[in-house]
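> Here it is, the structure in full.
Read-outs: derived from the displayed coordinates by stated rules, not from any lab. Please read all numbers here as calculations on a predicted model, not as lab measurements. Here the Cβ positions follow ideal geometry from the backbone for every residue, glycine too, while neighbour counts run over all protein chains shown.
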Amino acid sequence: MKPLKSFLFLVCVFATITTFAQTQKFLSIQYSDKVSLQTALIRINNKPATYNDLLKIQDSSVLKVEVYSKKAALEYVDKDEAKNGLVLVTLHKKHFPAFAERKDSAAFVIGENGDTIFCSSLKHAGINGDTTDTEWNKFLLHSLNAQVPADNSAPPGIYNVDIMFTVNLDSSVSNLNMLEDPGYGTGSEVRRLMNKSPVWTPGSCDGQPVRFHERQRIVFVVTEQ
């Protein structure tokens, strides 16, 4: 049996107003040289599906994709169905917006007293003042154990951990909320990571610091070597 290897696929998600067209990154990864997504038996949320159905799914909707070789698929389906492998796709229970471009822009925000405020220039929060996510990605690469899902016997596939948290005026991080846990130790690893979060610079509205609600996606990918 070939060893499994995990790595991080750096994707950032932001809760902003403007969205843009996205490519389906989960379809562009070769998880196993034994299984083709185009010919394997596919089930989406445990319901029979086709490759064309996969093409209709937005990346933001995917919680996890598990890819099983012919032999491993026998645990779930019969021999005839397992002949080309099995792909199990689990979608988020709730709909989330498609990925949005990270840039300073006009937007409506919620003020400290709950009022809606219009910002002609909204600046995102960032680590050490960086709003391009360079520092965030460095933090992930140096602090996150990407091997966790493989160490916990995850099959080849992709495991998305979407989190939301608040960057406060004093640069602290609070209200960490994991939208759903794809399992195999990934959720626990992300919680451990956020407990070590470095100092953030608050966002600002027209030059005034504001509490900023951040949404990030951390993507674990397991491939069969």
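> Kirkwood Rh, the stretch 120-224, all Cα pairs: how many Å?
14.6 Å
> OK, next. Going by how many other beta carbons lie within 10 Å of each one, how would you line up HIS142, HIS92, fewest first?
Ordered from fewest to most neighbouring Cβ atoms within 10 Å, HIS142, HIS92 come out as HIS142, HIS92.
> Quick check: pseudo-label points 7 Å beyond the Cα along Cα→Cβ at SER197 and LYS94, how many nm apart are they?
Between SER197 and LYS94, the simple spin-label model gives 1.7 nm.
> Got a sec? How would ASP181, ASP59 order by Cβ neighbour count within 10 Å, fewest to most?
ASP181, ASP59
> Let me ask something additional. Length gain on complete extension for the stretch ASN46 to SER153, per 0.36 nm per residue less the alpha carbon to alpha carbon distance?
Stretched fully, the ASN46-SER153 segment lengthens by 36.5 nm.
> Residues of the stretch 78-95 with backbone nitrogen within less than 17 Å of a virtual label 7 Å along the Cα-to-Cβ line of LYS56, please, listed as ranges.
Of the residues in the stretch 78-95, 89-92, 95 have backbone N under 17 Å from the label point off LYS56.
> Spin-label point model (7 Å from Cα, Cβ direction): what's the SER120 to LYS83 distance in nm?
6.8 nm
> Follow-up. Treat the count of other C-beta atoms within 10 Å as a stand-in for reagent exposure and order LEU141, LEU179 from fewest to most.
So the residues, fewest neighbours to most, are LEU141, LEU179.
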